[in-house]
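Below is one structure, written out as structure tokens; the observations come after it.
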Ligand code: COI
């Protein structure tokens, strides 16, 4: 379907960063945002692009109390010829459907997300960063917005998209990679079977803050979660999926427990490793096996994968008060090759031999 959203231009343009080296992650937001409403009977309606500014919400709005919401994460990239592209958006659409279904949020028409992203980026395209290592982070989200304390799905929802020119989530904003320290959380858990671990919802992250605080206390940037039942098997990292290279096997947690977020970067990493003929396994891996591999030298690499994190190598795991070095503590060759290939495809500097990119079309 052809969507033609109304556009109200801002009268108060936002302050821009003096240099793209200062972008960091989600510190700056563009001038405009996309908004659309849902009402029972009427469905999704009134899609519009408006100035990105604070908006009113009733203190009794159900999302503020019961957190019926979802979000997605995507990025747009500027190519050397000046064109702008996004990465595997159909995967975001599919994941959004699964999250909406789990959260009883009314689903969007399949083509709406990309149409809204395309028209919003067109309005704010002079905010697209150019520096190596940067991208436009796209944050679509939906929340129940009904004045009600009943623990029931809302009758009114709001779908919004905001944009943030960003650098990398963990490391220096210079387009290079560096290693990160990660804290292994062995008391609190992120997700249990039957819960919302596979869905992209705020509650998964809100419940993780206590562990993030533990990580900071131990001089770590993020948390590696263990499974809820036995606190034994590695699951995912706070912001991303996790990969472990032991000898020549690259291992990541399987999706079948329903506790792992099905990352689009995760899937891309698996496909690339298979294409390169590497041994990649989606299987359970215990923290004890990782500790042993660190001690006997067979733990070659650990890296996080995600839209925000891209590929983020991990140099040290902190577990039960002890540091375990990963490989030689430096950026590993698999992580580096994955980063160069993925970010290269995303930014049009490496040929898209996987057919993953989606050029945005700004024709009138
Ligand atoms: C993303 O990578 O897009 C995410 O949503 C992770 C976020 C917690 C930073």
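The values are calculated or read from the model by the stated rules, or taken from the named source; none is laboratory data. Since we're looking at a predicted model, the values are computed, not measured. Using ideal geometry, Cβ is built from the backbone for each residue, glycine included, and neighbour counts are taken over all protein chains shown.
Residues checked against (1) in contact (Cβ under 8 Å) with a residue 24 or more places away in the chain; (2) surrounded by fewer than 18 Cβ atoms within 10 Å (Cβ to Cβ); (3) in contact with a strand residue (DSSP E or B) (Cβ under 9 Å, 6 or more places away or on another chain):
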| residue | (1), (2), (3) |
| --- | --- |
| 313 | yes, no, yes |
| 316 | yes, no, yes |
| 325 | yes, yes, yes |
| 329 | yes, yes, yes |
| 336 | yes, yes, yes |
| 341 | yes, no, no |
| 348 | yes, no, yes |
| 353 | no, yes, no |
| 361 | yes, yes, no |
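Listed conditions (1) closer than 28 Å to residue 61 by Cα; (2) in contact with a strand residue (DSSP E or B) (Cβ under 6 Å, 6 or more places away or on another chain); (3) surrounded by fewer than 23 Cβ atoms within 10 Å (Cβ to Cβ) are all met by residue 154, apart from (3).
Okay, residues lined up against (1) at pLDDT 95 or above; (2) outside any loop (DSSP other than H, G, I, E, B); (3) within 16 Å of the ligand (Cβ to nearest atom); (4) within 22 Å of residue 125 (Cα to Cα):
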site: 15; (1), (2), (3), (4): no, no, no, yes
site: 21; (1), (2), (3), (4): no, yes, no, yes
site: 45; (1), (2), (3), (4): yes, yes, no, no
site: 49; (1), (2), (3), (4): yes, yes, no, yes
site: 54; (1), (2), (3), (4): yes, no, no, yes
site: 58; (1), (2), (3), (4): yes, no, no, no
site: 65; (1), (2), (3), (4): yes, yes, no, no
site: 70; (1), (2), (3), (4): yes, yes, yes, no
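Exactly one residue among 198, 243 is more than 28 Å from residue 65 (Cβ to Cβ) and touching a residue at least 60 places away in the same chain (Cβ under 8 Å), and that residue is 243. From 251, 264, 290, 270, grab the single residue that is modelled with pLDDT of 95 or more, under 29 Å from residue 98 (Cα atoms) and crowded, with 22+ Cβ neighbours inside 10 Å. That would be 264, the only listed residue that is modelled with pLDDT of 95 or more, under 29 Å from residue 98 (Cα atoms) and crowded, with 22+ Cβ neighbours inside 10 Å.
Taking first residues from the stretch 124-141 that are over 7 Å from residue 165 (Cα atoms) and modelled with pLDDT of 95 or more and partners that are within 12 Å of the ligand (Cβ to nearest atom) and in a loop (DSSP other than H, G, I, E, B), the Cβ contacts under 7 Å between residues at least 6 apart in sequence or on separate chains come to 139/73; 140/72.
Table: residues versus (1) under 21 Å from residue 309 (Cβ atoms); (2) part of a loop (DSSP other than H, G, I, E, B); (3) away from the ligand (no atom under 16 Å from the Cβ).
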| position | (1), (2), (3) |
| --- | --- |
| 93 | no, no, no |
| 97 | no, no, yes |
| 107 | no, yes, yes |
| 115 | no, no, yes |
| 141 | yes, no, no |
| 152 | no, yes, yes |
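Of all residues in the stretch 229-247, those satisfying the criterion of being away from the ligand (no atom under 16 Å from the Cβ), part of a loop (DSSP other than H, G, I, E, B) and either touching a strand residue (DSSP E or B) at 6+ places or on another chain (Cβ under 6 Å) or closer than 19 Å to residue 319 by Cα (or both) are 229, 230, 231, 232.
Considering the conditions (1) in a strand (DSSP E or B); (2) under 19 Å from the mean Cα position of the chain (by Cα); (3) surrounded by 20 or more Cβ atoms within 10 Å (Cβ to Cβ), residue 183 is excluded by exactly one of them, (2). Would a scan of the stretch 295-305 turn up a residue that is over 29 Å from residue 138 (Cα atoms) and either within 16 Å of the ligand (Cβ to nearest atom) or assigned to a helix (DSSP H, G or I) (or both)? Scanning the stretch 295-305 turns up at least one residue that is over 29 Å from residue 138 (Cα atoms) and either within 16 Å of the ligand (Cβ to nearest atom) or assigned to a helix (DSSP H, G or I) (or both). Considering the stretch 51-92, and only residues there that are surrounded by fewer than 19 Cβ atoms within 10 Å (Cβ to Cβ) and touching a helix residue (DSSP H, G or I) at 6+ places or on another chain (Cβ under 6 Å), the residue that is nearest to residue 359 (Cα to Cα) turns out to be 91.
Only one of the numbered conditions (1) without any contact (Cβ under 8 Å) to a residue 40 or more places away in the chain; (2) surrounded by fewer than 16 Cβ atoms within 10 Å (Cβ to Cβ); (3) more than 30 Å from residue 349 (Cα to Cα) is violated by residue 147, and that is (1).
Does residue 270 meet the test of being within 26 Å of residue 90 (Cα to Cα) and assigned to a helix (DSSP H, G or I)? So residue 270 fits the description; yes.
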